Structure formats: C-alpha cells, structure tokens
1. Test residue 318 against the criterion of being part of a helix (DSSP H, G or I), open to solvent by 50 Å² or more (accessible area, probe 1.4 Å) and of a type in the set (D, E, K, R), and give yes or no.
2. Are any residues in the stretch 336-372 open to solvent by 10 Å² or more (accessible area, probe 1.4 Å), part of a helix (DSSP H, G or I) and of a type in the set (Gly, Ala, Ser), and if so, which ones?
3. Mind listing just one residue for me: the one in the stretch 66-89 that is more than 18 Å from residue 159 (Cα to Cα) and surrounded by fewer than 24 Cβ atoms within 10 Å (Cβ to Cβ) and, of those, modelled with the lowest pLDDT?
4. Taking the stretch 2-59 as the search range and keeping residues that are of a type in the set (Phe, Trp, Tyr) and modelled with pLDDT of 75 or more, which one is nearest to the chain's Cα centre (by Cα)?
5. Go through the residues of the stretch 251-265 one by one and say whether even a single one is in contact (Cβ under 8 Å) with a residue 24 or more places away in the chain, open to solvent by 50 Å² or more (accessible area, probe 1.4 Å), under 25 Å from residue 389 (Cα atoms) and among the polar types (S, T, N, Q).
6. Picking from 353, 331, which residue would you name as being touching a helix residue (DSSP H, G or I) at 6+ places or on another chain (Cβ under 9 Å) and at pLDDT below 90?
7. So, residue 417, is that one over 21 Å from residue 324 (Cα atoms) and either open to solvent by 80 Å² or more (accessible area, probe 1.4 Å) or at pLDDT 95 or above (or both) or not?
8. Does residue 200 qualify as being small (Gly, Ala, Ser), open to solvent by less than 50 Å² (accessible area, probe 1.4 Å), without any contact (Cβ under 8 Å) to a residue 60 or more places away in the chain and within 28 Å of residue 121 (Cβ to Cβ)?
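The values are calculated or read from the model by the stated rules, or taken from the named source; none is laboratory data. Because the structure is predicted, anything quoted here is derived from the model rather than measured. Counting neighbours? That spans all protein chains shown, and the Cβs are built from the backbone with ideal geometry, glycine included. Areas reflect the complete protein model, heavy atoms only, side chains present, ligands, DNA and RNA absent. Shrake-Rupley method; radii C 1.70, N 1.55, O 1.52, S 1.80 Å.
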Amino acid sequence: MSSLSKFFTAQDMTVGTPWKKIVSFAIPLLIGNIAQQLYNTADSVIVGKYVGDSALAAVGGCGPTLNLLIVLFVGIATGAGIMVSQYFGAKQKEDLSHSVGTCLTLTLIASLIMMVVGTVVAAPMLRLLQTPPEAYDMCVDYMRIYFLGIAGMGFYNIASGILRGLGDSLSALKYLIIATVLNVGLDIFFVAKLNMAVAGVAIATVIAQFISAVLCLRKLLSMRDVMHLRREHFGLNKRYAIQLIKLGLPSGLSQAVMSCSALVVQSLTNSFGVVFMACNTTVMRIDGFVMMPNFSFGNAMTTYTGQNVGAGDIDRVRQGAKVGTSLAVGTAAVLVALILVFCPTLMGFFTDTPQLIEMSTKMMRIVAPGYIAFAITQCMGGVMRGAGDTATPMWLSFFTTIVIRVPLAYLLAYLTRSEANPKGDPASIFISLLISWLVGALIHAIAYKKGKWRNKVQSIQTVAE
C-alpha cells in the first residue's frame, strides 16, 4: 500500500502516539467540516450579493427549523460513529458489518419520513416564528426544496460518520470537496445566470449533497478488508438497532432541544426586524467556520475514545483527552484573535450595506471569546460520548440551553427595552449565547473530572449481553 493510499483507509487509533493520531485524524476532518460549511456560506454570499439582504435573511432564517427537523439523522449518525468505532477497535468484523447495514437502513427510513414531514410543516412553522413578510416566501421555497432532497444530506452525514468511526476521515473529505466545488458552481449558475434566487441555492445544495452521499456509500461498499457488506446485513436487526438507538437517542434528543431553543430564540431574533435577521445570518456563517476546529477535535475524541474503549485501554483515553483538549483550546484562541482583528472585512463578504457590516461586527466580537470555552465542551463531551455515556452530555446541553440560554436572551431583551429599541437590545441574543457557552465549558469539565463516564463505558462485550 502506498504512503498516500494508506490515509484513505480505516485508521487504528489504539496504537501510536495519541496526539499524532488525534491530529492526523482531526486535520482532514477539519478541512471537511470547513468544506461542509461552504455549502451554506456559498448560499449566503451569493444570494446576499446577487439578490439582496432579504434573501440573505431568508437563507439564515431557515436554519433553526431545518436543524429541528433533521434530529433523526443526528441520532443515527452519533450512534453509528460510536458503535462502529467500538466494533472496529475490538476487531469484530461481522458485528461491524451488521451495525453499518442497520445504520444505512434506518437512514433510508428516516429520509422518507423527513421528506414528507419537512415539506408539510415548513410553511406553518415559518408563520409560527413570525418570519417577516419580505423573507417568508423565499424561506418556504428553500425549505421545501431542501426536504424533497433530504436523502442526499442524510446518507452523506451517516456514511461519512461511519467512515470517521473507522478512522478514515480523508475519504469523506475527498468526496465532500468535490461536492462543495460543484455546489458553489451550481449556486452561481442558478442564481446569477438563471435568476432563480433562493430556490436556486436550495437546488444546488440538494444536488451536491446527493453526489457526496453516492461517493461515500460506494467507498463503504468497497472496504472489504475491514467489513464485507452483504444483503443480510441491511435488515433491521433488533440487537444492532436497539444498540444504535441507545447510543444515538441522547444526542438526537439533545439536538432536538437545542433546535427548539434556537427556534424560540429565532422568534425573538425575527422580532428585531429583517436587518437583524440578516446580521444574525452573517454572524452564524462566520460562527460555522470558527466552530469547525472545535467540532473536529470533538469528533476526533469520540472516535479515538470509542476505538480505545473497544480495545479496553482507558488509560490511553485519558492521555488523548488531555492532549486533544489542549490542542482544541489553542486553536480556538488563535481564531478568536483573528476574528477580533479582521471581523469587518469578513462581514463585507456577505453584504455591501454599511449598517449591516457594523452591526454584524459588533455581535461577532461579543460572542468571540466563547469559542475558547466551547473547545473544552466539545472535547470533554466527545470523550464521554465515545465511551458510551451519551446521556451526560445530553443533560448538560439541556441545562445550558433550556435553563440558561433561552430565558437569559428574553430577560436581557426585556431589561434593555428603550425608546430606541422597543423590543430590547438585539445584543441580548449574543450575550446570552456567550454566557451559556462559558457555563457549558465549566460543567462539562466538572463532569469529566468526576469520572462518571468511566463507570458507564459500554464495551462491546457488555452491549452483547
């Protein structure tokens, strides 16, 4: 096997220097996450420049609703990554094949459900959120097209999650870059050339996600040295389905709660008007990029932990947790410094409106320090999830979201009402987010130190019983 091709195969993270294994896995994962973020960013930049601020607001305004409606995929993907990494670490190929086949079958079922549900509830949910009239029709178009093509997004995320569980973060990256380039090209063609506005970027995203899904699935089917997928592996095997649900359900519920809270906050955001909606969209697009190292290290820690738990090496898990968190915090600190300096320039990529650039810069600088804290949250949560303790991160997320973030946003908005801002200070949205991140980092660190996750390690042998 050539020195290049070996990186496009499953990687054993139970041997070798921990920090080298984590970094070599996280870097392509980071690049892939950045490429993934380019999907939505390209949509925002192109509609903002070619259509206007209302279209920019529409694309961003769909985000919380979309996130709520895809929680089934979040649960399947999380459970798949943990289950696959543990079976791979334990070198149990037949169990690995059954778990992968079950994951893909559940993804098909979830795709069909979400295609129907999403297209039906899109308009009512947007009305419930008090979406401004100038953005409403475009939001409806975007969401309906997105959900009609939801299978591409679902299969890509689950298949790439399986590849990462096997330690192969490079193959998913390769396919995603191809799809991202295609997505940007189609965005420009549909919007700038065919004047299809928001509907055009939705169609481009669906096509690109479908292609990336096909490429990932083809890769999985070709990995015969790791597993040999046959027809019988694609049935809904009760044992593996229950295990998948047990591991993935807490993450799915956590995502559902966070998405519901985001919808509640989105309603408050919408009340500040279309200009602030556009501001929120631009900030969240930059946020998506800055969050990528945190998510990458968090996912790397989940895979690293899962494989080493499967191999029964808990001491190696602790070593990896320490170095992984240090790397994540250092990376986040560098990015925060860059944001504070170059924020106005970054915002200028999305809009030419001076008022919007100034407002977005202010909000971005408020929330920026929170990314350092979120690095701790992701790594500590990643270790707990990889060890099989998906419930603790779920409850901690519930606390920071339901108890802190949402009530605080409305309280601050209420307390800052004035003649100039009858709905309150829009900065309340981002101040509450910053505080929730700081609290989240603290309680995740405490949960990790207490070591409860070590008592809940779900080895393959235990699950089999």
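1. Details: part of a helix (DSSP H, G or I): yes; open to solvent by 50 Å² or more (accessible area, probe 1.4 Å): yes; of a type in the set (D, E, K, R): yes.
Answer is yes for this residue.
2. Answer for the stretch 336-372, where residues must be open to solvent by 10 Å² or more (accessible area, probe 1.4 Å), part of a helix (DSSP H, G or I) and of a type in the set (Gly, Ala, Ser): just 337.
3. The first filter runs over the stretch 66-89 and keeps only residues more than 18 Å from residue 159 (Cα to Cα), leaving 66-69, 89.
Restricting the remaining residues to those that are surrounded by fewer than 24 Cβ atoms within 10 Å (Cβ to Cβ) gives 66-69.
Working: 66: 71, 67: 68, 68: 67, 69: 64.
Across the stretch 66-89, the extreme among qualifying residues is 69.
4. Going residue by residue through the stretch 2-59, those that are of a type in the set (Phe, Trp, Tyr) are 7-8, 19, 25, 39, 50.
When the remaining residues are screened for being modelled with pLDDT of 75 or more, the result is 19, 25.
On the way: 19: 23, 25: 17 Å.
Only one residue fits best here, namely 25.
5. Taking the stretch 251-265 and keeping what is in contact (Cβ under 8 Å) with a residue 24 or more places away in the chain, we get 251-265.
Checking the rest, the ones that are also open to solvent by 50 Å² or more (accessible area, probe 1.4 Å) come to 253, 258, 260, 264.
Those left that are additionally under 25 Å from residue 389 (Cα atoms): 253, 258, 260.
Adding the requirement that they be among the polar types (S, T, N, Q) leaves none.
Within the stretch 251-265, not a single residue is in contact (Cβ under 8 Å) with a residue 24 or more places away in the chain, open to solvent by 50 Å² or more (accessible area, probe 1.4 Å), under 25 Å from residue 389 (Cα atoms) and among the polar types (S, T, N, Q).
6. Details: 331 fails: at pLDDT below 90.
Sole residue among the options that is touching a helix residue (DSSP H, G or I) at 6+ places or on another chain (Cβ under 9 Å) and at pLDDT below 90: 353.
7. Working: over 21 Å from residue 324 (Cα atoms): yes; either open to solvent by 80 Å² or more (accessible area, probe 1.4 Å) or at pLDDT 95 or above (or both): yes.
Yes, satisfied.
8. Numbers: small (Gly, Ala, Ser): yes; open to solvent by less than 50 Å² (accessible area, probe 1.4 Å): yes; without any contact (Cβ under 8 Å) to a residue 60 or more places away in the chain: yes; within 28 Å of residue 121 (Cβ to Cβ): yes.
In short, yes.
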